[in-house]
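Following: one structure in structure tokens, then a few remarks.
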Amino acid sequence: MKTQLIIKSLKKYLQIIIIITLVISGIVVNKIYNNYKLSELNELNKITKNIYLNKSLLSIFDTLEPRYQNIKYKVLPGDTFEKILISLGINSKEKKLVLKNLKNTKFDKLYENQIINFHVDRKVPIRIINITLEITKSKNLIVSRNISKNKFELNLIETNLKKKIIYEETKIANSLYKSAIDLNIPANVIIDFARIYGFQVDFQRDIWRNDSFQILYEKYLNDKNEIVNTGNIIFANLILQGREYPLYLFKSENKYDHYDNRGQSIKKTLMKTPVNGARLSSSFGKRKHPILGFTKLHTGTDFAAPKGTPIMASGDGVVTKASWCGGGGNCVKIKHNSIYQTVYAHMSKFGRNIKKGTRVKQGQIIGYVGSTGMSTGPHLHYEVIENGKKVNSQKLKLPSGKTLKGEERKQFEIVKLKTNVLKSELIFND
């Protein structure tokens, strides 16, 4: 019995000794490993601090990236060409050379969203090889570096575009704009379509579901068959509740304009609505002010529309104000003649180059719908001033435009006939 107890005790002590031995061995091995790891890291630090190795690595990484690079830049509001060069990392010496060579050129007057393509040599310091400035969709100004003379030479390159006449027609489901977009009609053509009907049609109240429209317009294609520009609307027709309103493009006294079936110009002194697709939200007259709370005379007409919707000049004239107007927010005032002035308030922003003294054409974009100033939501507050007195723009009776007579009327009838034949051919061949 005693022997068994001794053996049991020895086994217990042996297990304890084995556990202690394993723990001590683990600590020793871990320390040896950590010392080895630290030694390896020290050696690696010595290698990476080697200046010659660093230079070699930089050289290798440089060769991995292409030396020459193409950079596409879209001009932002307030950009100058000098600012753009600085943003690209062009050094002072290179910048001075470029600006000296491009003085008094199209680079002096850049406009928002204009495209500039740079081809640069990335080898420090960065050098410009050539620059392409898009002037129009068919014209580019190419600036190329003459290495031997160390200067830049300019060439105007014009692409030959092919004109194509497009005919489209459809029923209006929800809105004229959406129906036209569904046919892939370019946005600027839709805006022009709305402009030429803006004298006689209220696009919010006069168009009903299942009314329809027809349009014949020009587009220009490059050698890759890509659309690069659009031209005139040759023919347009709005069919509203079964009644047709056809318009034809005709050149009179060296000016193109649209005329109805009777040879009468669609132009009047002022357009009926200066913003398309808008909802008449508040008429001229007494109303309870939505912010101030008391009843007062509302001296204009409010058109509710999404923020950013283009606002057009309702007639030819000169901008007499384009600034902050207190409760009216950003506003534009235009003098059209000795009788009429118009005001456009609560704009989100002004149109390009719209400032005091700017001469504008009827239908030109002067700003965009917003909610600046004392406003409860995006809308245009539109006022017409007649002989110094604010009047109801929606009840204003304006004189009709020019009516073609004599030889011009005969020529117009020929143009009408040719246009109708062209339209029929396009429908038949579609």
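Points worth noting:
- Virtual spin-label span in nm between residue 256 and residue 109, 7 Å along Cα→Cβ: 2.2
- Chymotrypsin sites (Phe, Trp or Tyr not before Pro) within segment 303-381: DSSP coil, no more than 11 neighbouring Cβ in 10 Å: none
- With a Förster radius of 60 Å applied to the beta-carbon distance between residue 157 and residue 209, the computed FRET efficiency rounds to 0.80.
- Net charge over other residues, Cβ less than 11 angstrom from the Cβ of residue 264 (K, R count +1; D, E count -1): +4
- When only alpha carbons are used to place a centre, segment 371-430 and segment 90-136 end up 43 Å from one another.
- Count Lys and Arg as plus one, Asp and Glu as minus one, and take only other residues whose Cβ is under 14 Å from that of residue 253; the net charge is then +3.
- Cα gyration tensor shape of segment 162-259, rounded if a/c is under 1.5, else prolate or oblate by comparing a/b with b/c: oblate
- Other residues lying with their Cβ under 13 Å from the Cβ of residue 372 contribute a combined charge of +2, Lys and Arg counting +1, Asp and Glu -1.
- Gain on full stretching of the segment that runs from residue 183 to residue 99 - 0.36 nm per residue minus C-alpha separation: 25.7 nm
- Counting beta carbons within 10 Å around each of 375, 338, 144 and listing the fewest first gives the order 338, 144, 375.
- Between residue 218 and residue 68, the modelled labels are 3.8 nm apart [label points 7 Å from Cα along Cα→Cβ].
- Least to most buried among 106, 100 (fewest other Cβ within 10 Å first): 100, 106
- Subtracting the Cα-Cα distance of residue 359 and residue 339 from their residue separation scaled by 0.36 nm leaves 5.5 nm.
- The ranking of 335, 255 by Cβ neighbour count inside 10 Å, starting from the fewest, reads 255, 335.
- Dipole magnitude for segment 141-202: about 440 debye, using +1 per Lys or Arg Cβ and -1 per Asp or Glu Cβ, origin at the Cα centre.
- Segment 64-158: C-alpha gyration tensor shape, a/c 1.5 cut-off, then a/b vs b/c: rounded
- In nm, spacing of pseudo-spin labels at residue 409 and residue 130 (7 Å Cα→C-beta vector): 5.7
Where a number appears in this text, it was derived from the coordinates with a stated rule and is not lab data. From a predicted model like this one, the values you see are computed outputs, not experimental measurements. Cβ atoms come from the backbone with ideal geometry, glycine included; neighbour counts cover every protein chain shown.
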